[in-house]
Each structure stands twice: as C-alpha cells, then as structure tokens.
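Trainee: Please find one structure pasted underneath; my questions will follow.
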C-alpha cells in the first residue's frame with residue numbers, strides 16, 4: 001500500500017509520521033535487518049543504538065498527529081529524554097540504520113514522492129544533529145568551557161561527598177525520607193519523590209515525598225505505558241506530556257522532571273524523581289550522569305543488611321503527639337487529623353507547633369524528616 005499525498009514540493013512532518021505509522025511493520029523489519037547487518041558494531045554499541053531506534057520509532061508510530069504543533073519542540077523533547085543513552089557512535093549508527101531502513105522501503109514501494117520524503121528525513125536529522133552538537137559543544141569559548149567543566153566537576157565531587165557522608169552516618173532505611181530531603185538541597189531541586197519497585201508483581205508504588213497522599217496514590221503495573229520507569233538509565237523530560245499521563249501531570253503540577261533508577265548489582269529498588277515544582281528547567285548530560293551516581297549510591301544504601309530501625313533520640317513525646325506525628329507522615333492535613341481524632345483544627349495546629357519546637361523544624365515536612373532521622377517513625 002502506498003500513501004497518496006497532494007502533489008506538492010514538500011512533505012510535512014505530520015505526513016512523515018503518517019507514513020511511518022502506515023508502514024510500521026516494514027520499517028521495523030528493515031531496522032532489525034540493517035542493525036544486525038552493520039559491520040564492526042560491538043554488543044554494547046548495538047544495544048545502545050537499538051534503544052535509540054526503538055525509542056524514536058515508538059515516538060513516531062504512537063504519536064497523535066493532531067497533537068503535533070511544533071516539529072522542533074516535538075523532536076527536542078524526545079532527544080532530551082535520551083541524553084543518558086546518547087554518545088557519538090550510537091548517535092551516528094542510529095541515523096545510518098534508520099535512513100537505510102526508510103530508503104529501502106521507499107525503493108521497494110516505488111514511492112511517488114521519494115525526493116520530498118528524503119528532504120523531510122534530511123530536515124529531521126539535521127535538526128537532531130544540531131541539537132546533539134549544541135549539547136556536546138554549547139556556545140562557549142574553549143577557556144570558558146574548560147572553566148565550566150572544572151567547576152562542574154568540583155561541584156559534583158562536593159555534592160557526592162556530602163551524600164556519601166550522610167549515607168554512612170544514617171542508621172537505616174528509617175532515615176530515607178531525611179536523605180531524600182537532603183538530596184533536594186545538595187542537588188538544587190525543590191521536590192524529590194521515591195517510587196518503590198516490587199519485582200515479584202512487577203509493580204511500582206509511591207512511597208516518600210511531600211504531599212504523601214498524592215504520592216501514595218501513584219501505583220500500577222509496570223507496562224510499556226510507563227516508559228519513564230527505565231530500569232537502566234536516568235531519563236530527563238523537559239516536557240513530560242507525551243511520557244506521563246495527563247492526570248499525573250495535573251496532580252503534581254509537573255513541568256520538567258528527571259527519573260533516576262535506584263539499583264545495586266542488577267537489583268532494582270525503585271526510582272527517585274527530581275523536579276522544580278512546576279517550573280521548567282534544563283539538564284545537561286553531566287548533571288544526568290551525576291544523578292545516575294546518586295541512584296547507585298542510594299541503591300547501595302538500601303541493599304545494606306541489618307538496617308533495622310534504631311531509636312537514636314531521647315526526645316520525649318506524648319502519646320497524642322506520636323499519633324499526630326504518624327498522621328503527618330501519612331500526609332494528612334490539620335482538618336483531616338482533627339476529624340480522625342475528634343479534635344478542633346486549632347488544637348491540631350497547637351500539637352503540630354509543639355512538634356516543630358521539639359524537633360527544631362521549620363515546617364511540617366521537616367517535622368516528618370527529623371522524626372525519621374531520629375528513629376521516632378518507622
């Protein structure tokens with residue numbers, strides 16, 4: 001089957017996407033053939049290239065054509081999500097294999113608009129090459145780039161050193177909420193959320209972070225639908241629209257977001273996400289590599305045996321204060337706590353204020369974090 005376009009000098013990006021959708025099976029078959037036939041590719045390079053090809057092809061065939069308003073923005077969002085996988089060799093192989101696969105199909109179909117299709121393909125890869133070069137080189141002079149790189153390396157070492165110290169001093173998993181709050185501080189993000197992974201059921205579920213009720217409502221089967229839960233590499237999304245469900249974006253007021261797997265020796269414990277509470281932000285490859293190290297260190301921490309809860313504080317709390325502290329950790333607001341305990345909101349506020357004083361905390365989140373750190377909460 002051949003798609004018939006109106007006779008014009010140009011094929012739009014939307015028409016290019018439609019062509020890929022219509023001939024998806026043939027293109028996918030060609031991709032597999034040319035990837036395996038390409039000489040002198042190491043297994044590691046083949047694996048990375050295959051991931052890029054699968055991701056790009058999935059982007060095209062699963063796209064809603066009516067939602068594509070800006071080709072450049074659409075391609076940029078995809079490219080940014082692949083930063084942790086891209087290197088020069090895999091990027092070149094990705095282009096080569098995809099171009100061969102599409103050209104072979106065009107020849108096979110004796111396609112009427114070969115030149116416009118190839119010009120569209122050239123335009124797409126020209127944009128991706130430009131994005132890649134900007135990411136690799138930037139617009140800085142050599143001296144400026146060298147200084148920036150040295151500053152980034154120093155900052156990386158300092159941040160990782162701080163994290164290492166807090167992980168070494170932590171008494172166990174009861175300190176994990178406090179550790180996540182310190183990660184926000186050390187790596188300059190406003191929100192850090194932990195999602196745990198259950199391998200026996202292949203499910204994920206929200207565990208820790210601000211607004212616990214919202215976080216704990218996040219759970220489900222780990223299917224192809226949740227592409228952001230990559231089990232090997234971090235993923236940065238400048239705009240999560242095509243990767244995260246609309247209801248979840250609205251629930252957390254998400255704009256840009258980073259997903260980091262927490263692993264140790266091939267064991268996946270879950271993921272942490274970093275974002276700026278609805279503000280869009282950029283993320284370089286160096287920053288993504290840094291956060292990948294964070295995920296590995298958190299994985300090592302969670303793999304430690306014998307990390308049971310140890311009460312490290314002599315702080316005295318009343319029974320009612322313990323109950324309210326537990327409800328705060330569950331994410332309940334003052335009104336709901338009052339309803340559960342048959343107390344007025346004013347009384348609950350007094351208890352919370354008392355807890356803030358005893359735990360030397362500035363807000364409710366710090367109350368919970370301090371309580372975990374001191375072993376008052378399990």
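Trainee: Under 1.5 on a/c is rounded, so check that first for segment 161-295, then, if it is not, pick prolate when a/b is larger than b/c and oblate when it is not; a ≥ b ≥ c are the square roots of the alpha carbon gyration tensor eigenvalues.
Mentor: Here segment 161-295 falls in the rounded category.
Trainee: If Rh is defined by the Kirkwood formula over all Cα pairs and Rg also comes from Cα, what ratio Rg/Rh do you get for segment 319-373?
Mentor: 0.93
Trainee: Which ordering of 131, 42, 344 is given by a fewest-first count of other beta-carbon atoms within 10 Å?
Mentor: The fewest-first ordering by Cβ neighbours comes to 42, 344, 131.
Trainee: Something else about it: Would you mind computing, in nm to one decimal, how far apart the modelled labels at residue 333 and residue 265 are, each placed 7 Å from Cα along Cα→Cβ?
Mentor: With each label point 7 Å from Cα toward Cβ, the separation is 4.6 nm.
Trainee: Ok, one more. Mind checking which of 187, 79, 281 has the largest fluctuation in a GNM of the chain, springs on alpha carbons under 10 Å?
Mentor: 281
Trainee: Fewest first, what order do 352, 272, 173 take by the number of other Cβ atoms within 10 Å?
Mentor: The fewest-first ordering by Cβ neighbours comes to 173, 352, 272.
Trainee: Grab the Cα-Cα distance for residue 134 and residue 342, subtract it from 0.36 nm times how many residues apart they are, and report the gain in nm with one decimal.
Mentor: Length gained, residue 134 through residue 342: 68.9 nm.
Trainee: Using the number of other C-beta atoms within 10 angstrom as an exposure proxy, rank 83, 340 with the fewest first.
Mentor: By the 10 Å Cβ count, ascending, the order reads 340, 83.
Trainee: If you don't mind, there's one more thing I want to ask. Taking 0.36 nm per residue of separation and subtracting the Cα-Cα distance, what length does fully extending residue 164 through residue 26 add?
Mentor: 44.7 nm
Trainee: Measure off 7 Å from each Cα along the Cα-to-Cβ vector at residue 14 and residue 319, then give the distance between these two points in nanometres to one decimal.
Mentor: Label at residue 14, label at residue 319, 6.8 nm between them.
Trainee: Let me check the size of the chain from its C-alpha atoms; what are the radius of gyration and Dmax in Å?
Mentor: 24.9, 81
Trainee: Using helices alone, what [θ] at 222 nm do you get for the chain, with -39,500 (n - 2.57) per DSSP H run of 4 or more residues, divided over all residues and rounded to the nearest 500?
Mentor: After summing the helix terms and dividing by residue count, I get -18000 deg cm²/dmol.
Quick note: the coordinates plus some simple rules give every number you see, no bench work behind them. The structure displayed is predicted, hence computed values, not measured ones. No Cβ is skipped: glycine too gets one built from the backbone with ideal geometry, and neighbour counts run over all protein chains shown.
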